[in-house]
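In what follows, a single structure is set out as structure tokens and then discussed.
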Amino acid sequence: MKIDFTKMHGLGNDFIVLDSRGKDIRNLPKLLRRLSDRRFGIGFDQALILKSSKRADFRMDIYNNDGGQVEMCGNGIRCLASYIWKRGLSRKKALDIETLAGVIRPAKDGALVRVDMGVPELEGKLIPTVREGRIIDLPLAINDTAFDITCVSMGNPHCVILVDDVDSFPVGKYGPLIEVNKFFPKKTNVEFIEVLNSRRIKMRVWERGAGETLACGTGATAAAVASNLKGLTGNKVSVLLKGGILGIELAKDGHAYMTGPAAEVFTGSFEV
């Protein structure tokens, strides 16, 4: 069977999009692990699987490049929405897309995509972590270093850590250790942030199941929430990532909104 794919990215966080409506793709995790190899396959951080939905306009299933399924991807949902609009699959300017994190709503915003990311979850047990209550600047020992962590869920778990110089910080050393720490029952994404001023944050991210990526939409949102909780930033911030800039707004209704680009790179097909 021949399967068509589209390669896309949001600020360098790259994806393949597979339209699986009406198709039965077998052994999907194993197939995606093979395709994610950047030398012997297509190469990507995550795979976005477009499906039909009974409760929304479409459904998006998300797999990391290790074959594991995850709840939500902020850059990914912008790309999927762009994919839908470009192919005329919907004429709606705002979409309801079902994910494992619930129904997420991307909307056209000029050349960009603005996403209602929902209300951030701050209850520790629901993020999930092993601790109840809000987790703000809680010390967590990792080998030779103690980090003050702030935890947020944007439909998926995040651990945000403030550092003095994010560019020189050894993300590759500490990111994977924090990701699998027993404090996080379902592992976690890890954001290392440097607050430049009340409206700008610089961030690097270690994504659960994918490693360091150039951008993470849910991570940028979680970082904005965490820095706001700590009184370091206001309700509107620009998050500077390796791949570019995302705009985050924490609205009065409690919802977080993320705005950024989505780009299509090329299309192709493979046999299974």
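The values are calculated or read from the model by the stated rules, or taken from the named source; none is laboratory data. Just so we're clear, the structure is a prediction, and the values are computed from it rather than from any experiment. As a convention, Cβ positions derive from the backbone with ideal geometry for all residues, glycine included, and neighbour counts pool all protein chains shown.
Among the residues of region 204-238, write down those that are more than 13 Å from the chain's Cα centre (by Cα) and either at pLDDT below 95 or farther than 20 Å from Glu121 by Cα (or both).
Pass one, region 204-238, residues more than 13 Å from the chain's Cα centre (by Cα): 224-238.
Hit for region 204-238 is Ser238, nothing else.
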Being of a type in the set (Val, Ile, Thr) and under 19 Å from Thr213 (Cα atoms), is that true of even one residue in region 67-81?
yes
Val115 passes all but one of the listed conditions (1) touching a residue at least 60 places away in the same chain (Cβ under 8 Å); (2) assigned to a loop (DSSP other than H, G, I, E, B); the exception is number (2)
Can you find a residue that is of a type outside the set (Ser, Thr, Tyr), in a loop (DSSP other than H, G, I, E, B), at pLDDT 95 or above and touching a strand residue (DSSP E or B) at 6+ places or on another chain (Cβ under 7 Å) anywhere in region 25-44?
yes
Name the residue, out of Leu11, Leu28, that is in contact (Cβ under 8 Å) with a residue 12 or more places away in the chain and either surrounded by fewer than 15 Cβ atoms within 10 Å (Cβ to Cβ) or over 24 Å from Glu212 (Cβ atoms) (or both).
Leu28
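Each row is one residue, and each column tells you yes or no for (1) touching a residue at least 40 places away in the same chain (Cβ under 8 Å); (2) surrounded by 19 or more Cβ atoms within 10 Å (Cβ to Cβ).
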position	(1), (2)
Gly133	no, no
Ile136	yes, no
Val152	yes, yes
Asp165	no, no
Those residues that are surrounded by 24 or more Cβ atoms within 10 Å (Cβ to Cβ) and assigned to a loop (DSSP other than H, G, I, E, B), I need them from region 209-224; list them, please.
Ala215, Cys216
Select from region 114-132 the residues that are in contact with a Phe, Trp or Tyr (Cβ under 9 Å, 6 or more places away or on another chain) and either small (Gly, Ala, Ser) or under 20 Å from Met8 (Cα atoms) (or both) and list them in ascending order.
Arg114, Val115
Residues that are more than 18 Å from Val225 (Cβ to Cβ) and in contact with a helix residue (DSSP H, G or I) (Cβ under 8 Å, 6 or more places away or on another chain): list the strands (runs of 3 or more DSSP E) wholly contained in region 119-170 that include at least 1 such residues.
138-142, 145-153
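Which count do you get for residues in region 244-272 that are assigned to a loop (DSSP other than H, G, I, E, B) and surrounded by fewer than 16 Cβ atoms within 10 Å (Cβ to Cβ)? Before you say what the answer is, go through the steps one by one.
In the first step, residues of region 244-272 are kept if they are assigned to a loop (DSSP other than H, G, I, E, B); the result is 251-255, 261-262, 272.
Now restrict to residues that are surrounded by fewer than 16 Cβ atoms within 10 Å (Cβ to Cβ): 251-255, 272.
Final tally of qualifying residues: 6.
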Among (1) part of a loop (DSSP other than H, G, I, E, B); (2) buried (at least 24 other Cβ atoms within 10 Å of the Cβ), the one test that Pro185 misses
(2)
Could you grab the pairs with beta carbons closer than 7 Å, sequence gap of 6+ or different chains, first residue in region 70-88 and touching a residue at least 12 places away in the same chain (Cβ under 8 Å) and not assigned by TED's automatic domain parsing to the domain that holds Leu11, second one surrounded by fewer than 20 Cβ atoms within 10 Å (Cβ to Cβ) and assigned to a helix (DSSP H, G or I)?
none
